[in-house]
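To keep things clear, I will list the structure first and then write my remarks on it.
The values are calculated or read from the model by the stated rules, or taken from the named source; none is laboratory data. The shown structure was predicted, so the numbers you read here are calculated from the model rather than taken from an experiment. Positions of Cβ are backbone-derived with ideal geometry, glycine not excepted, and every protein chain shown enters the neighbour counts. Heavy atoms of the whole protein, side chains included, go into the accessibility calculation; ligands, DNA and RNA do not. Shrake-Rupley method; radii C 1.70, N 1.55, O 1.52, S 1.80 Å.
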Amino acid sequence: MESIDLHTLASSLPNAHQNAEAELTNNFKAAALSITTLYRSSKEASKRAYSAGYTAACQDLMQMIQQGVSSDGNGMTVGRVMDWLDARLDAVKSREEEELEDEETTRRKQTAKPKERVRCQALHCSTCH
């Protein structure tokens, strides 16, 4: 029977602490990369949405001017364009306010619900045991 040398046993076994630390580092690196990717894609999506909205606004204005010029003999005045723009901006503002109110109502409903207490399964938890 071979004898086991306890002095070399500790050095021959894999160091669990080092493995756990390396795994934790890799997990944090992966999470950081995911956050960076999310930030970049969100930034690009925001730029595309802004461009699409700006294009739609310009097209709406162009259409309104073209319809006004061709529909009546008085012609399109700057005052009419400004009135139309004011009405559009007011409509957008009221829609945003309604959406904010809806979000706030939803948030209040979610916080008003009683939270269920979940019993911890950990034996060392001083809160539950």
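Checking the structure you have, find out if any residue of segment 13-24 is part of a helix (DSSP H, G or I), more than 30 Å from Asp86 (Cα to Cα), modelled with pLDDT of 95 or more and open to solvent by less than 60 Å² (accessible area, probe 1.4 Å). No, every residue in segment 13-24 fails to be part of a helix (DSSP H, G or I), more than 30 Å from Asp86 (Cα to Cα), modelled with pLDDT of 95 or more and open to solvent by less than 60 Å² (accessible area, probe 1.4 Å). Please tell me if Gly75 is open to solvent by less than 80 Å² (accessible area, probe 1.4 Å), of a type outside the set (Phe, Trp, Tyr) and at pLDDT 80 or above. Against the criterion (open to solvent by less than 80 Å² (accessible area, probe 1.4 Å), of a type outside the set (Phe, Trp, Tyr) and at pLDDT 80 or above), Gly75 does not qualify.
Among residues of segment 96-112 that are outside any helix (DSSP H, G or I), none has a beta-carbon under 9 Å from a residue that is open to solvent by 100 Å² or more (accessible area, probe 1.4 Å) at least six positions away or on a different chain.
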